[in-house]
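Data block below; observations after.
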Amino acid sequence: MSLAALSHPEQAVAIEVRGVSRTFTTAGADVPALRDVSLTVAEGEFVSLIGPSGCGKSTLLRMLAGLDQPDRGTVSVEGDKVAAPSLSRGILFQDHRLLPWLTVEQNVDLGLHKSGLTTQQRQQRVSDLIALVGLAGFERAFPYQLSGGMSQRAAIARSLAPQPRVLLLDEPLGALDSLTRSKLQTELLRIWKHERITMLMVTHDVEEAVFLSDRVVVMEPRPGRIADIVDIPLPKPRHRGDPAFVDIKLRLLTSLEVETDPPANIVEH
Ligand SMILES: Nc1ncnc2c1ncn2[C@@H]1O[C@H](COP(=O)(O)OP(=O)(O)OP(=O)(O)O)[C@@H](O)[C@H]1O
Ligand SMILES: [Mg+2]
């Protein structure tokens, strides 16, 4: 079992995953997705999860969001065992999942319906968030009128609306072209600093992980286990050409290559 300790022991714990295993049964066969995974993320930390396809990254995020439950072990956020979805935990997917019949501001406002804010406060929060993600002027646009990058900006604003303390990101920039992607990485960094929330992000892009993260967790192929945890002590914003940046990127790439043995066999019943 690998235990991902906090980089600074005095920091408060935001996310705690303890001894988590999960096996799915599909068409009579057992598919072990996660085996004995333990991970601790400090409040305000930015941690990335990388690993081969099918190693259980999304499964782990879904558990943290309260959308799935472990067979064994526990998943806690801010000291509370996760049993169901909560507005204190935002989740952002690769596809923006905006409601096509609502405008940008209406989509962002959706996250505020249980906020207890007055109409005026809600309008202010929506307009602040739209400005924060760089979409001022597009409040009344519908999703079909936005580019992929703009839609994902709107989705980020929507996920931040209920003021989550933890944001779970599952390949949030994975569908974007490389130019838009690196622009949004910088935006995500700015938002993380501004909002001071804990972020746990799944990505397949090692450079993205090094650019954004305080630590990177490398997972093994199915059944997913933690193979390595790499601290990134470089100050942010980081420069991709910086030799220390390149060294860490290479270390992660090597670590990923080592971890790409064929996945464990599916057990037929
Ligand atoms: N709801 C489900 N029912 C059955 N099997 C599932 C379910 N969710 C995930 N799995 C299986 O669990 C394993 C891990 O899936 P998961 O989606 O967590 O992988 P991942 O690491 O996010 O992969 P990718 O990088 O391709 O997104 C896979 O073998 C997948 O088929
Ligand atoms: Mg996934």
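Structure above, values below:
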{"quantity": "Residue satisfying all of: in segment 1-28; out of contact with any Gly (no Cβ under 9 Å at 6 or more places or on another chain) and open to solvent by less than 10 Å² (accessible area, probe 1.4 Å); modelled with the lowest pLDDT among these", "calculated": "Ala4"}
{"quantity": "Yes/no for Phe46 being surrounded by 17 or more Cβ atoms within 10 Å (Cβ to Cβ) and within 13 Å of ligand 2 (Cβ to nearest atom)", "calculated": "no"}
{"quantity": "Condition broken by Gln152, with the remaining ones in (1) part of a loop (DSSP other than H, G, I, E, B); (2) in contact with a Leu (Cβ under 8 Å, 6 or more places away or on another chain) satisfied", "calculated": "(1)"}
{"quantity": "Residue count, segment 49-95 (criterion: away from ligand 1 (no atom under 13 Å from the Cβ), among the small types (Gly, Ala, Ser) and not in a loop (DSSP other than H, G, I, E, B))", "calculated": "3"}
{"quantity": "Count of residues meeting criterion [small (Gly, Ala, Ser) and under 13 Å from Pro162 (Cβ atoms)] in segment 98-142", "calculated": "3"}
{"quantity": "Residue match in segment 37-47 (condition: in contact (Cβ under 8 Å) with a residue 24 or more places away in the chain, farther than 28 Å from Ile191 by Cα and in a strand (DSSP E or B))", "calculated": "yes"}
{"quantity": "Residue match in segment 185-203 (condition: within 16 Å of ligand 2 (Cβ to nearest atom), assigned to a loop (DSSP other than H, G, I, E, B), in contact with a Ser or Thr (Cβ under 6 Å, 6 or more places away or on another chain) and at pLDDT 95 or above)", "calculated": "yes"}
{"quantity": "Residue within segment 113-136 that is among the aliphatic types (A, V, I, L, M) and over 19 Å from Glu195 (Cα atoms) present", "calculated": "no"}
{"quantity": "All positions within segment 166-187 that are open to solvent by less than 10 Å² (accessible area, probe 1.4 Å) and over 15 Å from Gly148 (Cβ atoms)", "calculated": "Val166, Leu167, Leu168, Leu169"}
{"quantity": "Lone qualifier among Leu110, Leu167, Leu135 - being more than 23 Å from Glu208 (Cα to Cα), away from ligand 2 (no atom under 16 Å from the Cβ) and of a type outside the set (D, E, K, R)", "calculated": "Leu110"}
{"quantity": "Candidates Arg222, Arg190, Arg215 - the one that is open to solvent by less than 30 Å² (accessible area, probe 1.4 Å) and closer than 30 Å to Pro85 by Cα", "calculated": "Arg215"}
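The values are calculated or read from the model by the stated rules, or taken from the named source; none is laboratory data. Because the structure is predicted, anything quoted here is derived from the model rather than measured. Ideal geometry is used to build each Cβ from the backbone, glycine not excepted, and the neighbour counts take in all protein chains shown. Surface areas here come from the heavy atoms of the whole protein model, side chains and all, with no ligands, DNA or RNA. Shrake-Rupley method; radii C 1.70, N 1.55, O 1.52, S 1.80 Å.
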